[in-house]
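Step one of this worksheet: look at the structure below.
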Protein chains: 2
Amino acid sequence: MKEMEPFKLLVSHEKAKETILKTCIPIDRIENISIAGASGRVLASDVKANRSVPPFERSAMDGYAVIAEDTFGADESEIKLELDGVIHAGEVSDQEVSRGHCIQIATGSPMPSGANSVVMVEYTERHEDRILVTRPVYPGANVSKKGEDIVEGDLVLTTGAWLTPAKIGTLAALGWTHVDVFGRPRIAVIPTGEEIVAPGENLNPGQIYDVNSFTLEAILQAHGAQVDRFGIVGDDYSALKDTIEKALHYDMVVLSGGSSVGEKDLLAGILGDVGEVLFHGVQIKPGKPTLYGVAQSTPVFGMPGYPTSCLSNAYIFLVPAVRQMGRQPPAHQKTVLAKISKRLVSASGRMQFLTVRIRNGIAHPVYKHSGAITSMATADGYIILPINLDVIEEGDSVEVTLFE
Amino acid sequence: MKEMEPFKLLVSHEKAKETILKTCIPIDRIENISIAGASGRVLASDVKANRSVPPFERSAMDGYAVIAEDTFGADESEIKLELDGVIHAGEVSDQEVSRGHCIQIATGSPMPSGANSVVMVEYTERHEDRILVTRPVYPGANVSKKGEDIVEGDLVLTTGAWLTPAKIGTLAALGWTHVDVFGRPRIAVIPTGEEIVAPGENLNPGQIYDVNSFTLEAILQAHGAQVDRFGIVGDDYSALKDTIEKALHYDMVVLSGGSSVGEKDLLAGILGDVGEVLFHGVQIKPGKPTLYGVAQSTPVFGMPGYPTSCLSNAYIFLVPAVRQMGRQPPAHQKTVLAKISKRLVSASGRMQFLTVRIRNGIAHPVYKHSGAITSMATADGYIILPINLDVIEEGDSVEVTLFE
């Protein structure tokens with residue numbers, strides 16, 4: 001019977017994160033995708049304007065295309081212009097505006113030749129085929145010049161830009177249908193454990209349902225990853241090793257369970273055999289039994305088996321890792337300030353991650369222990385108690401990071 | 001030739017939003033979907049625990065299952081227990097622990113009968129088949145009782161809960177594979193305008209590319225909607241009316257373009273014919289030419305044609321509307337404080353929405369006019385200048401809402 005060994009060298013939270021970020025390399029793979037699905041993706045090539053925007057001189061207002069000089073003095077004396085016609089949106093007029101004349105024009109329509117400005121409809125009155133102008137305009141008023149916004153050849157967006165809805169719109173304005181973006185991190189999520197059963201199946205004595213592969217999938221997807229959730233693998237050296245080796249073509253492999261120190265906790269051994277263990281055990285509570293290493297350049301995480309520990313470490317370690325790989329901007333995790341409902345004493349000598357529920361500005365700790373599911377079900381977010389914290393008094397203000 | 005009429009009664013931003021939220025009713029449709037895709041969805045039925053969690057009494061630690069009384073005094077004198085065997089994860093042992101004996105046990109394994117506590121491996125030493133215990137434990141130490149976390153029949157989650165990764169995990173822990181959620185708002189996005197051409201097609205003189213249907217799709221999807229982007233419809237009464245009527249089976253119809261006051265701006269007339277116009281024109285800059293109404297109980301938005309106006313009104317009006325329909329919690333839009341790079345004078349008598357770029361804590365206005373695409377491409381977010389604002393001095397602090 002193999003002996004159980006306790007964790008020997010716990011790394012600090014900071015050191016663990018540094019090690020992870022050093023080895024989760026941003027993805028260089030490039031995909032060409034439709035702009036319709038490109039929001040939230042990251043641009044993989046510079047975008048130069050292949051045309052000017054606007055592509056022609058156009059009216060910026062609904063009104064009348066005029067020669068500005070004809071309107072001078074309109075605020076003092078009555079000026080009427082002859083209405084020669086109308087230009088609808090999308091139409092190019094072959095009429096020319098001459099002195100004393102005007103053409104009705106819609107916003108966005110190409111300016112007719114001869115005219116140099118537009119009088120807004122608000123500052124006119126219509127008298128049959130004559131238009132009374134009540135305010136003068138200067139030359140160029142209410143007209144957008146060709147290329148005023150973007151000149152052909154301009155560098156409009158650069159590699160690495162995060163494609164917001166506004167930037168998607170910019171690509172559309174230039175006529176682009178597809179765009180080069182960096183690939184999303186492809187992640188294998190592998191639940192392990194002899195006692196783990198997939199939801200929906202029968203639960204025999206001693207068995208529990210797989211929780212972690214579902215929470216991990218949801219979190220990783222929310223931060224830009226493409227996740228394949230594997231079937232459950234038991235605590236068997238060769239089955240686990242085979243599965244891990246086959247998963248190393250992913251950008252990242254995330255296992256849950258099997259990183260504790262029990263006899264059957266084989267992952268550290270397997271990771272050492274197929275690659276290199278970079279740390280095993282972190283000074284953090286919950287979440288101590290966390291394993292991390294690299295095999296064939298692929299980062300491999302062994303997340304704690306306990307649901308709350310797995311969840312908190314996913315937020316603390318996996319989210320920054322996957323965002324860096326996917327070249328996403330750092331997560332703006334939403335935080336709120338609240339008053340803590342009771343005195344908290346930190347006695348663990350580890351950084352603590354404490355789930356709380358917020359009601360009326362009060363943060364109520366709901367953390368029971370790392371195996372408790374209710375601490376996840378009722379929690380609105382979490383607070384972090386630093387490693388050097390002694391005590392937080394009831395009513396002290398705490399920053400709560402919301403689960404979103 | 002039909003006369004152009006300027007907007008007559010502009011509604012305030014507040015009144016417009018109130019009208020919208022009164023008529024965008026939360027969706028009652030229910031779908032049963034896999035928990036694997038349920039993150040971010042909204043629970044449509046209460047979740048009662050159909051089993052206890054944990055489903056059996058189990059060890060909370062790696063260590064040795066013992067009778068606590070055998071360990072009393074272990075910190076003062078040497079206590080050794082006979083090791084009778086091992087319980088692996090997922091196994092149920094038929095061995096019973098008797099006085100002076102212990103069984104090695106892994107975290108999560110069912111407690112053997114006879115034992116009432118677990119000594120952590122850290123507080124033991126192994127001497128062949130005898131285990132030296134170096135710290136006493138109290139009865140119940142490191143043991144999770146059956147139902148300690150959730151008792152069968154407990155109400156665990158309630159209707160309306162927003163499914164975070166943690167709550168997805170809770171469903172999995174209870175063995176659920178599928179869950180009832182409210183339907184996502186199904187939205188028809190319809191680009192209109194005689195001069196509008198789909199990206200990828202040839203641009204003839206006087207034509208521009210469709211921008212708004214892409215920005216609208218991206219924003220609406222990000223806030224939980226399921227979007228169908230329609231083909232472009234020209235400025236033709238019967239074609240537009242047909243398209244709108246056929247789209248009224250959606251939960252919301254969003255048109256872009258065609259809500260200005262030009263001769264060909266038919267939407268207000270059509271909406272009046274098929275339903276009711278609730279407002280046309282808002283005291284906001286850019287974004288004044290916004291149309292809103294209801295037809296056959298379906299909210300219909302006529303968004304401004306200009307890209308920047310359409311975008312800002314999407315953030316201001318569409319996002320709260322679609323989140324309310326989808327029963328999503330209000331958007332926590334991310335904001336940062338920055339100093340404004342130059343003096344701004346508000347002379348419009350309208351609330352102003354100004355796109356800015358942030359560099360080194362300074363917010364640089366990039367807004368040119370409502371037709372400018374670059375104001376979207378280079379913007380990091382926007383500031384809102386209230387209707388009663390007179391002036392903002394250079395260096396004043398402004399709150400920037402980030403485009404995300």
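The values are calculated or read from the model by the stated rules, or taken from the named source; none is laboratory data. If you're wondering where the values come from, they're calculated on a predicted model, not measured in any experiment. Cβ placement follows ideal geometry from the backbone for every residue including glycine, while neighbour counts extend to all protein chains displayed. Note: areas computed on protein heavy atoms with side chains; ligands, DNA, RNA excluded. Shrake-Rupley method; radii C 1.70, N 1.55, O 1.52, S 1.80 Å.
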Review point. Which percent of Cα pairs goes in each bin when the distances of the protein assembly as shown are cut into 10 angstrom slices starting at zero?
Key: 2, 12, 19, 21, 16, 11, 9, 6, 3, 1, 1, 0
**Study point:** Computed lengthening from B:I25 to B:T158, 0.36 nm per intervening residue step minus Cα-Cα distance
**Key:** 45.8 nm
Practice item. Determine the alpha carbon to alpha carbon distance for each of A:K17/B:K146; A:K288/B:K334; B:K17/B:K334; A:K15/B:K339; B:K285/B:K342 and list only those over 24 Å. Key: A:K17/B:K146; A:K288/B:K334; A:K15/B:K339
Practice item. Quote the charge dipole size of chain A about the Cα centre in Debye, to the nearest 20; the model charges only the Cβ of Lys and Arg (+1) and of Asp and Glu (-1). Key: 1560
Review point. So how strong a dipole does the protein assembly as shown carry about its Cα centre when Lys and Arg Cβ are +1 and Asp and Glu Cβ are -1, to the nearest 20 debye?
Key: 920
Exercise for review: Using only the alpha carbons, work out the radius of gyration and Dmax of chain A in angstrom.
Suggested key: 31.9, 106
Exercise for review: Would you tell me the mean number of C-beta atoms belonging to other protein chains that fall within 10 Å of each C-beta in B:201-210, as a whole number?
Suggested key: 6
Review point. Can you pull the mean other chain C-beta count within 10 Å for peptide A:29-35?
Key: 1
Point to revise | In degrees, nearest ten, helix B:212-222 long axis to first principal axis of chain B (Cα) | key: 20
Point to revise | B:E122/B:S45 FRET efficiency (R0 60 Å; Cβ-Cβ; nearest 0.05) | key: 0.85
**Study point:** Counted charge near A:M325, where neighbours are those whose Cβ lies closer than 12 Å (Asp, Glu -1; Lys, Arg +1)
**Key:** +3
Study note, to complete from the structure: Checked against the positive end of the charge dipole of region A:110-153 (+1 on Cβ of Lys and Arg, -1 on Cβ of Asp and Glu, about the Cα centre), the farthest of A:A141, A:V121, A:G153 is A:A141
**Study point:** Stretchable slack from A:S238 to A:E394, in nm (0.36 nm times residue separation minus alpha-carbon distance)
**Key:** 51.0 nm
Practice item. List the distances, in nm to one decimal, from the label point of B:F72 to the label points of the same position in every other copy, shortest first, placing each label point 7 Å from Cα along the Cα-to-Cβ direction. Key: 10.9
Point to revise | Förster radius 45 Å - calculated FRET efficiency between A:T335 and B:L132 (Cβ-Cβ, nearest 0.05) | key: 0.45
Exercise for review: Keeping every protein chain in place, order B:R135, A:R327 by accessible area at 1.4 Å, biggest value first, i.e. largest first.
Suggested key: B:R135, A:R327
Check your understanding: Using the Cβ atoms and a cut-off under 12 Å, what net charge is assigned to the surroundings of A:L155, where Lys and Arg are +1 and Asp and Glu are -1?
Key -> -2
Revision key, fill the gap. Within the set B:E128, B:E195, B:E276, GNM on chain B using Cα springs under 10 Å gives the largest fluctuation to B:E128
Review point. Any idea of the total accessible area buried by the B-A contact, 1.4 Å probe, rounded to 100 Å²?
Key: 7500
Check your understanding: Cα-based Rg (one decimal) and Dmax (whole number) for region B:231-370, in Å?
Key -> 17.2, 52
Check your understanding: Looking only at B:P289, B:P205, B:P307, which one moves most when chain B is put into a Gaussian network model with springs between Cα atoms under 10 Å?
Key -> B:P205
Practice item. Express the accessible area of region A:58-144 per residue in Å², computed with a 1.4 Å probe while the remaining protein chains stay in the model. Key: 43
Practice item. Leaving ligands, DNA and RNA out of it, report the carbon-plus-sulfur percent of the accessible area of chain B at a 1.4 Å probe. Key: 48
Check your understanding: In percent, how large is the relative contact order of region B:108-219, given Cα pairs closer than 8 Å and 6 or more residues apart?
Key -> 14
Review point. Just A:F182, A:F353, A:F214 to compare: in a GNM of chain A, with alpha carbon springs under 10 Å, which one fluctuates most?
Key: A:F214
Practice item. Take the Cβ-Cβ distance between A:L203 and A:R359 as r, set R0 to 35 Å, and report the resulting FRET efficiency rounded to the nearest 0.05. Key: 0.55
Practice item. Find the Cα radius of gyration of region A:58-144, compare it with 2.2 N^0.38 Å by division, and give the number to two decimals. Key: 0.93
Point to revise | Given charges at Cβ of Lys, Arg, Asp, Glu: region A:4-105 dipole, positive-most of A:I30, A:A89, A:G73 | key: A:I30
Point to revise | Counted charge near A:S12, where neighbours are those whose Cβ lies closer than 14 Å (Asp, Glu -1; Lys, Arg +1) | key: +3
Revision key, fill the gap. Computed for region A:335-402: size of charge dipole around the Cα centre, +1 on C-beta of each Lys and Arg, -1 on C-beta of each Asp and Glu, debye to nearest 20, value 220
